[in-house]
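Trainee: Got a structure for you, written out below as structure tokens; questions coming shortly.
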Amino acid sequence: MMSGLFSIFDPSTGFGLSLNWIALLIGLCFLPLSFWVLPTRWMVSWSMINKTVLKELSSLFSSSSPSGMSVLVLGLFWFIIFSNFLGLFPYVFTSTAHILVTLSLAFPMWMGFMLFGWLTRPIDMLAHLVPEGTPTILMMFMVCIETISNLIRPITLSVRLAANMIAGHLLLTLLGSQGVSASMVILTLILVTQFFLLLLEAAVAVIQSYVFVVLTTLYSAEVY
Amino acid sequence: MSIALRPRQISFNKCDFTVTRMAGHSAVDEAKFTGLARYFNGETRRGRANVAGATYAGIALVAAYFMMRKKPSKMDAVPPATK
């Protein structure tokens, strides 16, 4: 029973246990297995997508980025895309619709970048606060603006992903709830609209994971 | 098929990171800056870092001034004149 509009996001199952969070591991079921000499079609598709994402991000990595960054970034990309996309299926819990999950992804990474940057290269971190070519009058204001923009990065990263997921699911739920007491014509319109909304949500799921990963790469490139 | 990874650039044996400077700083001619602009400008790496540091120091000083300032208490208030 829906007690409120946002009750669809409530992480609860029976007996007081929040088993919904097992959905965080759902992406592991789709990882390609390389038991065979010849790669399977899924393995080939997986590698093609990885190469495409890495090709897009290679221009964003700085020259001194550690080689493990590409592995971290790919892992993040696949986790978010699986959580987003599989959450569109009925009865699958969307873990990335919760700030708890998205902040757990964004905050430790941001904190890691900040700690590494400020402890190993403080002069460069200070220099980043004033973009090159800033007019003299604006330099002090730019420092304040860049500081605030730095501090809100984990919040914007996490809220962007969670809000996009919540908005899509909410729209689908709202439309669906109107179909209960609707005429055949209205119901048909609702179904057609929901179909296109679902397509849009699938695109948003992929785009949001890509945006998250690109921004994380950009923030890391500033530090390394 | 294998994922193309970037060649290893940093040794993790002793957790020793090689710190390299960002591109763009060596292209600026530092000799053209004279006086105070040599240390505080928006072009060189050091100049930009000094501006940011000075801004933070200024904000810290202003905050410290307001925190240290003695708050006027009720005992210091002048009582109203009585007839």
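The values are calculated or read from the model by the stated rules, or taken from the named source; none is laboratory data. Fair warning: this is a prediction, and the values are worked out from it, not measured in the lab. Ideal geometry is used to build each Cβ from the backbone, glycine not excepted, and the neighbour counts take in all protein chains shown.
Trainee: Does A:Trp46 qualify as being over 23 Å from the mean Cα position of the chain (by Cα) and either surrounded by 11 or more Cβ atoms within 10 Å (Cβ to Cβ) or more than 9 Å from chain B (Cβ to nearest Cβ) (or both)? Break it down stepwise before answering.
Mentor: Numbers: over 23 Å from the mean Cα position of the chain (by Cα): no; either surrounded by 11 or more Cβ atoms within 10 Å (Cβ to Cβ) or more than 9 Å from chain B (Cβ to nearest Cβ) (or both): yes.
Against the criterion (over 23 Å from the mean Cα position of the chain (by Cα) and either surrounded by 11 or more Cβ atoms within 10 Å (Cβ to Cβ) or more than 9 Å from chain B (Cβ to nearest Cβ) (or both)), A:Trp46 does not qualify.
Trainee: Being surrounded by 20 or more Cβ atoms within 10 Å (Cβ to Cβ) and either within 27 Å of the chain's Cα centre (by Cα) or under 30 Å from B:Val51 (Cβ atoms) (or both) narrows it down to one residue among A:Val223, A:Val159; which is it? If you could, list the steps in order and put the result at the bottom.
Mentor: Numbers: A:Val159 fails: surrounded by 20 or more Cβ atoms within 10 Å (Cβ to Cβ).
The match here is A:Val223.
Trainee: Turning to a different aspect of this structure: Given the criterion surrounded by fewer than 16 Cβ atoms within 10 Å (Cβ to Cβ) and at pLDDT 90 or above, identify the matching residue among A:Leu17, A:Leu74, A:Leu100.
Mentor: Numbers: A:Leu17 fails: at pLDDT 90 or above; A:Leu74 fails: surrounded by fewer than 16 Cβ atoms within 10 Å (Cβ to Cβ).
Checking each option against the conditions leaves just A:Leu100.
Trainee: Then there is this: So which residues in the range A:49-71 are among the hydroxyl-bearing types (Ser, Thr, Tyr) and either closer than 30 Å to A:Phe93 by Cα or surrounded by 12 or more Cβ atoms within 10 Å (Cβ to Cβ) (or both)? So that I can check it myself, show each step before the final result.
Mentor: Step one: filter the range A:49-71 for residues among the hydroxyl-bearing types (Ser, Thr, Tyr), giving A:52, A:58-59, A:62-65, A:67, A:70.
Matches in the range A:49-71: A:Thr52, A:Ser58, A:Ser62, A:Ser64, A:Ser65, A:Ser67, A:Ser70.
For every residue, the table says whether it meets (1) within 30 Å of A:Leu198 (Cβ to Cβ); (2) part of a helix (DSSP H, G or I); (3) not basic (Lys, Arg).
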site: A:Ile80; (1), (2), (3): yes, yes, yes
site: A:Asn84; (1), (2), (3): yes, yes, yes
site: A:Tyr91; (1), (2), (3): yes, no, yes
site: A:Val101; (1), (2), (3): yes, yes, yes
site: A:Ala127; (1), (2), (3): no, yes, yes
site: A:Thr134; (1), (2), (3): no, no, yes
site: A:Ser158; (1), (2), (3): yes, yes, yes
site: A:Ala163; (1), (2), (3): yes, yes, yes
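Trainee: Of the residues A:Ser95, A:Ser64, A:Ser59, A:Ser70, which is among the small types (Gly, Ala, Ser), within 13 Å of another protein chain (Cβ to nearest Cβ) and touching a helix residue (DSSP H, G or I) at 6+ places or on another chain (Cβ under 7 Å)?
Mentor: Numbers: A:Ser95 fails: within 13 Å of another protein chain (Cβ to nearest Cβ); A:Ser64 fails: touching a helix residue (DSSP H, G or I) at 6+ places or on another chain (Cβ under 7 Å); A:Ser59 fails: touching a helix residue (DSSP H, G or I) at 6+ places or on another chain (Cβ under 7 Å).
Just one listed residue meets the conditions, A:Ser70.
Trainee: Would you mind stating whether A:Tyr224 is in contact (Cβ under 8 Å) with a residue 24 or more places away in the chain and in contact with a Ser or Thr (Cβ under 6 Å, 6 or more places away or on another chain)?
Mentor: Values: in contact (Cβ under 8 Å) with a residue 24 or more places away in the chain: yes; in contact with a Ser or Thr (Cβ under 6 Å, 6 or more places away or on another chain): yes.
Here the answer is yes, as A:Tyr224 does meet what is asked.
Trainee: Has the range A:106-125 got any residue that is outside any helix (DSSP H, G or I), without any contact (Cβ under 8 Å) to a residue 40 or more places away in the chain and either more than 8 Å from every other protein chain (Cβ to nearest Cβ) or of a type in the set (A, V, I, L, M, F, W, C) (or both)?
Mentor: no
Trainee: A follow-up question, please. What number of residues in the range B:32-69 are within 18 Å of A:Leu138 (Cβ to Cβ), at pLDDT 90 or above and loosely packed, with under 14 Cβ neighbours inside 10 Å?
Mentor: 1
Trainee: Restrict the check to the range A:4-22 and report whether at least one residue is free of Cβ contacts under 8 Å to residues at least 40 places away in the same chain, closer than 18 Å to A:Leu161 by Cα and more than 14 Å from every other protein chain (Cβ to nearest Cβ).
Mentor: Within the range A:4-22 (the criterion being free of Cβ contacts under 8 Å to residues at least 40 places away in the same chain, closer than 18 Å to A:Leu161 by Cα and more than 14 Å from every other protein chain (Cβ to nearest Cβ)), the answer is yes, since at least one residue qualifies.
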